[in-house]
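Handing you a structure now.
The values are calculated or read from the model by the stated rules, or taken from the named source; none is laboratory data. Just so we're clear, the structure is a prediction, and the values are computed from it rather than from any experiment. Quick reminder, even Gly has a Cβ in these numbers, built from the backbone with ideal geometry, and neighbours come from all protein chains shown.
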Amino acid sequence: MGDLNQFSDKSVLDQKIKEASSNSAVAPQQFLEAELRRVLNAALIRFPGIAFSDHNLTIYKQNLEKEYLCYFAPETFLPELNKRRTSWWQRVYAGCNAEIEYFLFENKLGEALEKLGFGEKIKPVKQIPKSELTEPIRNYLQGIGYLFPAGEDLLVHPNMLYAQLSPNHGKDSPFLTRDLIRCPYHACNDNYDYDHWQLNDEELWDYWKDLVCLAFTDFPEHKLYSPKDFHGEKDEITQHCLDLGRKLIPSRYLELQPKIEAFEWIDG
């Protein structure tokens, strides 16, 4: 069936999802069924009434197959990534924000990436002592979900590897919106006294978890989520988006070890 065959009914979508998930040579059917449903559910919440086509499902499926390899079989994903990676580092690390780009350049992001194994050829290290990275870069990479705190060390999260596909996502940054990616930048930039809050390593990771949950919803553009919001009482819109995002977000973005999860339709 061609692109003109549009469908939005959930019972029809479930049947289409089963068909699309049943013939993959890359990812298990259980993973693809749940994650296709998650992707379509998130889109329907943000854009009520949107209709999908077989072509849409094919593209979503192909992207999820890449994501499966990244999180569950990185030894297969990495060689293919190195064959076709791009040099558009701004999308991967800065959300195409000139202010953040300058901050990263000024704090020697390039040197940090070499130490982390993300230089000309990607070969990620598993962990690195915190002392090996400058504090601003270290905090920022935690705040955008790339480095996971582990005592005196930091672990390279699979999010950082998956982020290298950012130009294929058609977004400004792999996980956060253009506006939300400013929040960890402000929170760890010494030039800002951002709501007078300092976040420790564990709080930075929890802050990231909130930010990416908000990015999965229709959280209003230009509305920031500051450390003060993170620690304090949330307004009604923010709380609603956080609650919804926590239902929609896959745990592999938030936790260190990925797992295949069930996902059923939810209302917004």
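Within segment 195-250, restricting attention to residues that are in contact with a helix residue (DSSP H, G or I) (Cβ under 7 Å, 6 or more places away or on another chain) and of a type in the set (Asp, Glu), which residue is surrounded by the most Cβ atoms within 10 Å (Cβ to Cβ)?
It comes out as Asp210.
Within segment 80-130, how many residues turn out to be among the small types (Gly, Ala, Ser) and in contact (Cβ under 8 Å) with a residue 12 or more places away in the chain?
4
Listed here are the residues, each with its yes/no results for (1) modelled with pLDDT under 90; (2) within 24 Å of Pro227 (Cβ to Cβ); (3) of a type outside the set (Phe, Trp, Tyr); (4) out of contact with any Ser or Thr (no Cβ under 7 Å at 6 or more places or on another chain).
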site	(1), (2), (3), (4)
Leu113	no, no, yes, yes
Ile122	no, no, yes, yes
Val125	no, no, yes, yes
Asp153	no, yes, yes, yes
Pro167	yes, no, yes, no
Asn189	yes, yes, yes, yes
Tyr194	yes, yes, no, no
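Taking the stated definitions as given, is Leu36 in contact with a Ser or Thr (Cβ under 8 Å, 6 or more places away or on another chain), at pLDDT 95 or above and not β-branched (Val, Ile, Thr)? Quick ask: steps written out before the conclusion?
On the way: in contact with a Ser or Thr (Cβ under 8 Å, 6 or more places away or on another chain): yes; at pLDDT 95 or above: yes; not β-branched (Val, Ile, Thr): yes.
Considered against the rule, which asks whether it is in contact with a Ser or Thr (Cβ under 8 Å, 6 or more places away or on another chain), at pLDDT 95 or above and not β-branched (Val, Ile, Thr), Leu36 comes out as yes.
Sticking with this one: Among the residues of segment 218-263, count how many are within 20 Å of Glu67 (Cβ to Cβ) and not in a helix (DSSP H, G or I).
Residues flagged as within 20 Å of Glu67 (Cβ to Cβ) and not in a helix (DSSP H, G or I) within segment 218-263 amount to 12.
Now, a different point. Yes or no: Arg91 within 17 Å of the chain's Cα centre (by Cα) and under 25 Å from Phe216 (Cβ atoms)? It would help to see each step written out before you state the result.
Values: within 17 Å of the chain's Cα centre (by Cα): yes; under 25 Å from Phe216 (Cβ atoms): yes.
Yes: the conditions hold for Arg91.
Exactly one condition in (1) under 22 Å from Thr76 (Cα atoms); (2) touching a helix residue (DSSP H, G or I) at 6+ places or on another chain (Cβ under 7 Å) is not met by Gln127; state its number.
(2)
List, please: which pairs have Cβ atoms under 6 Å, are six or more places apart or on different chains, and start with a residue in segment 64-79 that is closer than 13 Å to Arg252 by Cβ and end with one that is surrounded by 17 or more Cβ atoms within 10 Å (Cβ to Cβ) and of a type in the set (D, E, K, R)?
Leu64/Glu35; Tyr71/Arg252
How do the helices (runs of 4 or more DSSP H) wholly within segment 94-165 filter down when requiring 1 or more residues that are farther than 24 Å from Ser251 by Cα: which remain?
98-106, 109-116, 135-143
Considering segment 144-170 alone, what residues qualify as being farther than 21 Å from Pro258 by Cβ and either buried (at least 22 other Cβ atoms within 10 Å of the Cβ) or touching a helix residue (DSSP H, G or I) at 6+ places or on another chain (Cβ under 8 Å) (or both)?
Selection gives Glu152, Pro167.
Can you say whether Leu154 is more than 17 Å from the chain's Cα centre (by Cα), more than 18 Å from Trp205 (Cβ to Cβ) and in contact (Cβ under 8 Å) with a residue 12 or more places away in the chain, as far as the supplied structure shows?
So Leu154 does not fit the description; no.
Being more than 19 Å from the chain's Cα centre (by Cα) and either within 23 Å of Phe216 (Cβ to Cβ) or touching a residue at least 40 places away in the same chain (Cβ under 8 Å) (or both) is the filter here, so list the residues in segment 22-43 that pass it.
Matches in segment 22-43: Ser24, Val26, Ala27, Pro28, Gln30, Glu33.
Okay, moving on. Within segment 48-62, identify whether any single residue is without any contact (Cβ under 8 Å) to a residue 24 or more places away in the chain and crowded, with 17+ Cβ neighbours inside 10 Å, and answer yes or no.
Yes - at least one qualifying residue is present in segment 48-62.
Which one of these is of a type outside the set (A, V, I, L, M) and buried (at least 22 other Cβ atoms within 10 Å of the Cβ): Phe175, Phe105, Phe72?
Phe175
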